[in-house]
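Novice: Below is the structure I would like to discuss, written out as structure tokens.
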Amino acid sequence: MVLSVICLGLLLSLSLCRGQDFSYEGSQGPSHWGKEYHTCVGKHQSPINIEEHNVKNVSLPPLRLIGIDNPCRSYMTNNGHTVMLKTNESKAAMLTGGPLKDRVYVFEQLHFHWGENDYEGSEDLINNHSFPMEMHAVFYKEDYKSMNEALKHDDGLAILAYLYEISPQPNSIYESIIKVLPDIEVVGKGKALEQSLLLGDILVPDIASMQDYFTYNGSLTTPPCLEVATWIDFKDHQQLSHDQLAAFRDLRNPEGNKLTHNFRPVQPLEDRVVYQNIPIEFSPSNNASYDHHFVGHSDNGTARPSVKMPILFVALGALLAIFLFAM
């Protein structure tokens with residue numbers, strides 16, 4: 001089992017060779033990506049700044065993750081630009097619902113973006129506010145059979161985005177991931193997690209907030225920046241301690257320097273609309289306090305007799321009958 005996971009990691013490293021000659025600073029930094037990768041100057045690029053007062057409210061079908069409750073063997077790799085985690089399972093986790101509707105997407109990998117301090121590092125911003133880390137869980141459309149094929153289609157990927165805040169206490173869910181980081185500091189290094197991982201613990205840390213998210217159409221945030229992704233940004237923030245986050249900054253980049261930051265600056269929204277999902281059970285159209293079918297009016301707008309008057313007459317009649325009987 002361990003050997004198969006290691007082989008998977010080596011294949012992953014080889015598959016990441018394409019589009020890896022870029023950096024987050026200097027002459028190969030984000031402002032220069034468009035020279036080598038023309039798709040990085042498209043009109044629907046990611047990340048973006050999400051302004052909550054400009055979003056459009058919608059109520060989408062429930063977002064569902066399938067096959068995330070089974071322990072799985074996982075392998076982590078330092079590819080020089082991030083740390084990436086893949087699972088070694090014959091039946092991968094799947095994503096459907098929400099903005100994806102009935103389309104099914106297959107889990108491919110998850111990776112992280114961070115900054116050189118605890119005040120920046122996320123790629124998407126919320127109201128111009130940056131967070132110290134962001135995690136992306138990448139899924140490809142099942143119909144396309146593979147990640148490579150999915151990259152050729154504008155609906156090829158679905159990406160779940162999670163924003164992180166600093167907590168005074170470490171998050172035990174991430175301990176198995178943090179523990180591996182010192183062993184993969186050098187580019188190309190990979191290692192299997194010692195313990196089986198429950199994807200559900202990471203992807204659905206709080207089932208109550210799973211339906212609270214923003215969504216928009218965008219791109220990969222690294223070259224070649226292909227515009228093939230449906231982004232789903234969860235509004236609930238995850239927690240890591242300062243020391244846990246600092247461990248990511250000790251990873252090395254291809255030049256041998258510490259990878260202190262690996263986030264792309266926000267891109268213009270252009271003509272896109274960002275949607276905010278309002279869970280159906282909380283939607284005004286389904287809330288009794290917003291019910292427009294008031295007593296006294298029928299569905300077609302004509303007057304409907306009130307039930308209060310007949311009850312009053314019945315009560316008065318009963319009292320009159322009692323009075324007459326007593327006489």
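The values are calculated or read from the model by the stated rules, or taken from the named source; none is laboratory data. Treat the numbers as computed from the prediction; the structure is a model and nothing was measured. Methodologically, a virtual Cβ is constructed for each residue, glycine included, from the backbone with ideal geometry; neighbour enumeration extends over all protein chains shown. Ligands, DNA and RNA are stripped out before the accessible areas are found, and what is left, the full protein with its side chains, is counted by its heavy atoms. Shrake-Rupley method; radii C 1.70, N 1.55, O 1.52, S 1.80 Å.
Novice: Checking the structure you have, find out if any residue of segment 175-188 is surrounded by fewer than 16 Cβ atoms within 10 Å (Cβ to Cβ) and more than 20 Å from residue 79 (Cβ to Cβ).
Specialist: yes
Novice: Still on this structure, please answer the following. Name the residue that is nearest to the chain's Cα centre (by Cα), counting only residues in segment 81-100 that are over 17 Å from residue 248 (Cβ atoms) and in a loop (DSSP other than H, G, I, E, B). Let's see the steps before the verdict.
Specialist: Initially, segment 81-100 is screened for residues over 17 Å from residue 248 (Cβ atoms), giving 86-100.
If we keep only those that are in a loop (DSSP other than H, G, I, E, B) too, we end up with 88-93, 97.
Values: 88: 22, 89: 22, 90: 24, 91: 21, 92: 18, 93: 15, 97: 13 Å.
Filtering segment 81-100 for residues that are over 17 Å from residue 248 (Cβ atoms) and in a loop (DSSP other than H, G, I, E, B), the one nearest to the chain's Cα centre (by Cα) comes out as 97.
Novice: Mind telling me which of the residues 199, 163 ends up being under 29 Å from residue 53 (Cα atoms), crowded, with 19+ Cβ neighbours inside 10 Å and touching a strand residue (DSSP E or B) at 6+ places or on another chain (Cβ under 8 Å)? Walk me through how you get there before you give the answer.
Specialist: Details: 199 fails: under 29 Å from residue 53 (Cα atoms).
Just a single option satisfies the conditions, and that option is 163.
Novice: Given the options 118, 124, name the one that is touching a residue at least 24 places away in the same chain (Cβ under 8 Å), crowded, with 23+ Cβ neighbours inside 10 Å and acidic (Asp, Glu).
Specialist: Answer to the selection: 124.
Novice: Taking the residues in segment 59-80 that are over 20 Å from residue 231 (Cα atoms), part of a loop (DSSP other than H, G, I, E, B) and open to solvent by 10 Å² or more (accessible area, probe 1.4 Å) as candidates, determine which candidate is modelled with the lowest pLDDT.
Specialist: Let us first name the residues in segment 59-80 that are over 20 Å from residue 231 (Cα atoms), namely 67, 69-80.
If we keep only those that are part of a loop (DSSP other than H, G, I, E, B) too, we end up with 67, 69-71, 73, 79-80.
Right, trim to open to solvent by 10 Å² or more (accessible area, probe 1.4 Å) and you get 67, 69-71, 73, 79.
Details: 67: 94, 69: 92, 70: 88, 71: 91, 73: 94, 79: 97.
For segment 59-80, the residue satisfying everything is 70.
Novice: Does residue 56 satisfy the criteria of being open to solvent by 40 Å² or more (accessible area, probe 1.4 Å) and under 19 Å from residue 227 (Cα atoms)?
Specialist: Working: open to solvent by 40 Å² or more (accessible area, probe 1.4 Å): yes; under 19 Å from residue 227 (Cα atoms): no.
So residue 56 fails the test.
Novice: Mind checking which residues of segment 101-137 are of a type in the set (Gly, Ala, Ser), at negative phi and part of a loop (DSSP other than H, G, I, E, B)?
Specialist: The initial filter retains those residues of segment 101-137 that are of a type in the set (Gly, Ala, Ser), namely 115, 121-122, 130, 137.
Restricting the remaining residues to those that are at negative phi gives 115, 122, 130, 137.
Scanning segment 101-137 gives 115, 122, 130.
Novice: Since residue 90 meets every condition but one in (1) over 30 Å from residue 279 (Cα atoms); (2) modelled with pLDDT of 95 or more; (3) open to solvent by 40 Å² or more (accessible area, probe 1.4 Å), which condition does it not meet?
Specialist: Among (1) over 30 Å from residue 279 (Cα atoms); (2) modelled with pLDDT of 95 or more; (3) open to solvent by 40 Å² or more (accessible area, probe 1.4 Å), the lone unmet condition for residue 90 is (2).
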